[in-house]
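Only one structure is covered here, and it is reproduced in the block below.
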There are 2 protein chains.
Amino acid sequence: MASLVVPHHFSATEDAETLRKACQGWGTHEKPIIKVLGHRNAAQRKQIRQAYEDLYQEDLVKRLESELSGDFEKAVYRWILDPADRDAVLANVALKKSSPDYHVIIEISCVHSPEELLEVRKAYRLRYKRSLEEDVAAHTTGDIRKLLVGLVSAYRYEGEEINAGLANSEAVVLHKAIKDKALNHEEVIRILSTRSKAQLRATFNHYRDDQGTSITKNLLAERPDDFSVALRTTIRCLNDPKKYFEKVLRNAIKKVGTDEDALTRVIVTRAEKDLKEIKEEYYKRNSVSLDIAVAKDTSGHHEAFLLTLLGKEE
Amino acid sequence: MASLVVPHHFSATEDAETLRKACQGWGTHEKPIIKVLGHRNAAQRKQIRQAYEDLYQEDLVKRLESELSGDFEKAVYRWILDPADRDAVLANVALKKSSPDYHVIIEISCVHSPEELLEVRKAYRLRYKRSLEEDVAAHTTGDIRKLLVGLVSAYRYEGEEINAGLANSEAVVLHKAIKDKALNHEEVIRILSTRSKAQLRATFNHYRDDQGTSITKNLLAERPDDFSVALRTTIRCLNDPKKYFEKVLRNAIKKVGTDEDALTRVIVTRAEKDLKEIKEEYYKRNSVSLDIAVAKDTSGHHEAFLLTLLGKEE
């Protein structure tokens, strides 16, 4: 469930006017911006952008970019975009880093439903005039590239039907690859990038039944290199996204100085989806609420905005 | 342009009644079936199937399958399906052969627009409850698999913008791979499976300018193995589908006994698209019209049906 709180009354025109006022005159008034945008869902934000454009012949996104700054600006910019377009931006930013952040690519390609991933690929083409897989392939190399290109290009079957015999035999293939330290074997990539999520969950369950331990634990036992870490992320995103996001948040907050990028990314991308359950996971694992942890590690408008998306009462 | 001739007047109900009559009583009357279905476009055929179902609580496709036989049945069955669904069937049939017919897979993934390919992938999932790339990966191996999975998974950028520098440098990469006899180099597959068609055409043109000969000719000079043949098919489907189809037809007709499958496939899949230009290519290359060649190599209802799709006047 979403953590986002959306009030009953909504008028795109009123919101556009409020945002316009907040951006005018000396300085910017961040509070009304948070109060409005932090309580609107994707469809409403789209209507607000349209109303703002109609009223003032100006792009709201660009205006906010020029008015705001720092982590707060980044969070508002991420938030205001359509979800698929936002993921296209996140993917592009991740790829253009001097050392590409492949976790973001794995997250986008494995957490989303096949239809959602397709929307991201469409948004990416529209925005960058190249395909997502094209840029992934151009910015990565070797085994990581093979894995990532497979994952972003997938259009998996979405049904619940599974083939138990296949789950069994492919669990054996995966185990053999781990045992033989041949993780980059093409069968491993084939299985993870083409099978349906239901089928893969059955395979991972078989693995656990046969080996007495989970595949992710088994992968951890190896000396971790980039590729084995990428495989673990892949399996965790496919198998249990909520737990995966809990851990991203935990690591982001634990890090000295906090990983603001990761923190903002998870909160912004999940607030309308399952952030409520992710908060529960977080509390279960850390014995402290995510709201309190975020409040401690962030400050000012950025903090206020993230807490609003987390569903904090005013 | 299409070769299909569609009359001005159309009534799905009348057509359904005509088809019902043709299937009833002693024997089947193939002529009215050809006269109706051979002159209806995809949208109309869909309406006819629906009208038939509404009127007679019976699936027209299944009824025709049980009434007709041989090459004629196959051609009608292929034709009556929605184009994306038909390609899903063609891909599945090609994959399930004891030695998978990878040309059909390349054809479907490289001739279609990115959106059309996506429709085929959707239809495949719906019909077979697996993804197309999943079945391609499961039925092929080695380098061919890498190439085919890349091609069917692609969602290329569709615009005309090209990067000339990139076309130049990637033409060099392709030439080096051919020269070093390293066609299976992952860069070759990456380029062919992710770049936009406009970009690839620019790359192939650069290749020709630099080497004084086309890349397909250069590939031919090698001792041909399955993989180099697959690469040639890929490049030809991406670069000039009409010429490619002309050659498929030429080979199908030249073959002792005629390759009915290929002949029917090209006529059925292109009749609503560009079969008119393919016919022109055929005439230019063979100095005999495709209609005459087809009439010579086929017979009976199958012949009559193919000639109707080819646009022959009655």
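The values are calculated or read from the model by the stated rules, or taken from the named source; none is laboratory data. Keep in mind it's a predicted model, so treat the numbers as computed, not measured. Please note: Cβ atoms are built from the backbone with ideal geometry, for glycine as well, and neighbour counts cover all protein chains shown. Surface areas here come from the heavy atoms of the whole protein model, side chains and all, with no ligands, DNA or RNA. Shrake-Rupley method; radii C 1.70, N 1.55, O 1.52, S 1.80 Å.
Taking the condition of being among the polar types (S, T, N, Q) and within 14 Å of chain A (Cβ to nearest Cβ), how many residues in segment B:194-234 meet it? So that I can check it myself, show each step before the final result.
Keep residues of segment B:194-234 that are among the polar types (S, T, N, Q), which gives B:194, B:196, B:199, B:203, B:205, B:211, B:213-214, B:216, B:218, B:228, B:233-234.
Among the residues that remain, those that are also within 14 Å of chain A (Cβ to nearest Cβ) are: B:194, B:196, B:199, B:203.
Of the residues in segment B:194-234, 4 are among the polar types (S, T, N, Q) and within 14 Å of chain A (Cβ to nearest Cβ).
For residue B:250, indicate whether it is farther than 17 Å from residue B:73 by Cα, in a helix (DSSP H, G or I) and among the basic types (Lys, Arg). Outline the logic, then answer.
Values: farther than 17 Å from residue B:73 by Cα: yes; in a helix (DSSP H, G or I): yes; among the basic types (Lys, Arg): yes.
Considered against the rule, which asks whether it is farther than 17 Å from residue B:73 by Cα, in a helix (DSSP H, G or I) and among the basic types (Lys, Arg), residue B:250 comes out as yes.
In segment B:134-183, how many are in contact with a Leu (Cβ under 9 Å, 6 or more places away or on another chain), small (Gly, Ala, Ser) and within 11 Å of chain A (Cβ to nearest Cβ)?
5
How about segment A:121-133: which of its residues are facing chain B (nearest Cβ under 9 Å) and surrounded by fewer than 21 Cβ atoms within 10 Å (Cβ to Cβ)?
A:122, A:128, A:129
Any idea how many residues of segment B:106-120 are open to solvent by 40 Å² or more (accessible area, probe 1.4 Å) and in contact with a helix residue (DSSP H, G or I) (Cβ under 6 Å, 6 or more places away or on another chain)?
Within segment B:106-120, the subset open to solvent by 40 Å² or more (accessible area, probe 1.4 Å) is B:115-116, B:119.
Then keep just the ones that are in contact with a helix residue (DSSP H, G or I) (Cβ under 6 Å, 6 or more places away or on another chain); that gives B:119.
Total satisfying the criteria: 1.
When you look at residue B:138, is it open to solvent by 10 Å² or more (accessible area, probe 1.4 Å), out of contact with any helix residue (DSSP H, G or I) (no Cβ under 7 Å at 6 or more places or on another chain) and more than 30 Å from residue B:7 (Cα to Cα), yes or no?
yes
Restricting to segment B:109-120, count the residues that are away from chain A (no Cβ under 14 Å) and of a type in the set (A, V, I, L, M).
Here the count works out to 1.
Give me the residue from segment A:271-312 that is acidic (Asp, Glu) and within 17 Å of the chain's Cα centre (by Cα) and, out of that set, farthest from residue A:5 (Cα to Cα).
Filtering segment A:271-312 down to residues acidic (Asp, Glu) leaves A:272, A:274, A:277, A:280-281, A:291, A:297, A:303.
With the extra rule that they be within 17 Å of the chain's Cα centre (by Cα), the set shrinks to A:272, A:274, A:277, A:281.
Numbers: A:272: 9, A:274: 13, A:277: 15, A:281: 20 Å.
So, considering only residues that are acidic (Asp, Glu) and within 17 Å of the chain's Cα centre (by Cα), the one farthest from residue A:5 (Cα to Cα) is A:281.
Need the failing condition index for residue A:66 against (1) without any contact (Cβ under 8 Å) to a residue 24 or more places away in the chain; (2) of a type outside the set (Asp, Glu); (3) buried (at least 20 other Cβ atoms within 10 Å of the Cβ), just the number.
Failed condition: (3).
Pairs, please: C-beta under 7 Å, at least 6 apart or cross-chain, first residue in a loop (DSSP other than H, G, I, E, B) and in segment B:175-188, second among the aromatic types (Phe, Trp, Tyr)?
B:183/B:227; B:184/B:227
Are any residues in segment A:80-105 open to solvent by 40 Å² or more (accessible area, probe 1.4 Å) and among the hydrophobic types (A, V, I, L, M, F, W, C), and if so, which ones?
Once the filter is applied, which keeps residues that are open to solvent by 40 Å² or more (accessible area, probe 1.4 Å) and among the hydrophobic types (A, V, I, L, M, F, W, C), segment A:80-105 yields only A:93.
Name every residue in segment B:138-151 that is of a type in the set (Val, Ile, Thr) and free of Cβ contacts under 8 Å to residues at least 60 places away in the same chain, in order of residue number. Show your work before the answer.
Step one: of segment B:138-151, the residues of a type in the set (Val, Ile, Thr) are B:140-141, B:144, B:149.
Once the filter is applied, which keeps residues that are of a type in the set (Val, Ile, Thr) and free of Cβ contacts under 8 Å to residues at least 60 places away in the same chain, segment B:138-151 yields B:140, B:141, B:149.
Within segment B:158-165, identify whether any single residue is within 29 Å of residue A:193 (Cβ to Cβ), without any contact (Cβ under 8 Å) to a residue 40 or more places away in the chain and not in a loop (DSSP other than H, G, I, E, B), and answer yes or no.
Looking for residues that are within 29 Å of residue A:193 (Cβ to Cβ), without any contact (Cβ under 8 Å) to a residue 40 or more places away in the chain and not in a loop (DSSP other than H, G, I, E, B), one finds none in segment B:158-165, hence no.
Are any residues in segment A:271-306 within 19 Å of residue A:242 (Cα to Cα) and either in the same structural domain as residue A:31 (by TED's automatic domain parsing) or open to solvent by less than 20 Å² (accessible area, probe 1.4 Å) (or both), and if so, which ones?
Across segment A:271-306, the qualifying residues are A:271, A:274, A:275, A:278, A:282, A:290, A:293, A:294, A:306.
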